[in-house]
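Report on the following structure.
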Amino acid sequence: MTERNRIEGLFQQLERQPTIPFPQLRQPLLAPKTHGVYIIRDAKGRVVHVGRSVWGKEGLFQRLHNHLQAQSSFVVVHLSGNGKALREGYTFQFLEVPHERERALLEHFSTAWHCPAHLGVGKREGA
């Protein structure tokens, strides 16, 4: 199996994962503390962001929690800094992916496939 086939297979697995609503206030965030790739959809089911956990000790949980706390460019730019908006019908899917290279490739593949509303391009606001 080629690496490309492996990444495509991981993408298909990611697409089959359950869609989980962002939790209401004081409800638990249902994400593992392992590394992986995730997709965020708005209330209409449109993909608005694709991301991955990179180095945080608490992996996907930490990264998705960062979005809720407005500690991400996605929330700052796309939701005008309002992380609470995620609690209003936004959902996520994730796939645990332990290998860094596969996570990076899967994130890029998923981003290219979905063309999400927000792309983290590394540009600072106002620059």
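The values are calculated or read from the model by the stated rules, or taken from the named source; none is laboratory data. Predicted, not measured: the structure shown is a model, and the values here were computed from it. So basically every Cβ, Gly included, is an ideal-geometry build from the backbone, and we count neighbours across all protein chains shown.
Going through region 29-70 one residue at a time, which ones are of a type outside the set (A, V, I, L, M, F, W, C), in contact (Cβ under 8 Å) with a residue 60 or more places away in the chain and closer than 17 Å to residue 100 by Cα? Residues satisfying the conditions are 32, 34, 35, 36, 51.
Does region 51-64 include one or more residues that are of a type in the set (A, V, I, L, M, F, W, C) and farther than 20 Å from residue 19 by Cβ? Within region 51-64, one or more residues are of a type in the set (A, V, I, L, M, F, W, C) and farther than 20 Å from residue 19 by Cβ.
The set of residues in region 66-89 that are of a type in the set (A, V, I, L, M) and at positive phi contains only 70.
Given the condition surrounded by fewer than 21 Cβ atoms within 10 Å (Cβ to Cβ) and closer than 24 Å to residue 8 by Cβ, answer yes or no: does some residue in region 77-92 qualify? Yes, there is a match, as at least one residue in region 77-92 is surrounded by fewer than 21 Cβ atoms within 10 Å (Cβ to Cβ) and closer than 24 Å to residue 8 by Cβ. Among the residues of region 6-21, those identified as of a type outside the set (D, E, K, R) and within 15 Å of residue 103 (Cα to Cα) are 7, 9, 10, 11, 12, 13, 14.
Looking only at region 45-76, residues that are modelled with pLDDT under 95, surrounded by fewer than 19 Cβ atoms within 10 Å (Cβ to Cβ) and among the small types (Gly, Ala, Ser) come to 3 in all. Within region 1-29, being in contact with a helix residue (DSSP H, G or I) (Cβ under 9 Å, 6 or more places away or on another chain) and among the aliphatic types (A, V, I, L, M) holds for 1, 7, 10, 14, 25, 29.
Based on what the data block shows, is residue 52 at positive phi and either touching a strand residue (DSSP E or B) at 6+ places or on another chain (Cβ under 7 Å) or not small (Gly, Ala, Ser) (or both)?
No, not satisfied.
Pairing each residue of region 1-28 that is in contact (Cβ under 8 Å) with a residue 40 or more places away in the chain and loosely packed, with under 10 Cβ neighbours inside 10 Å with any residue that is aromatic (Phe, Trp, Tyr) and in a helix (DSSP H, G or I), provided the two are 6+ apart or on different chains, yields no C-beta distance under 8 Å.
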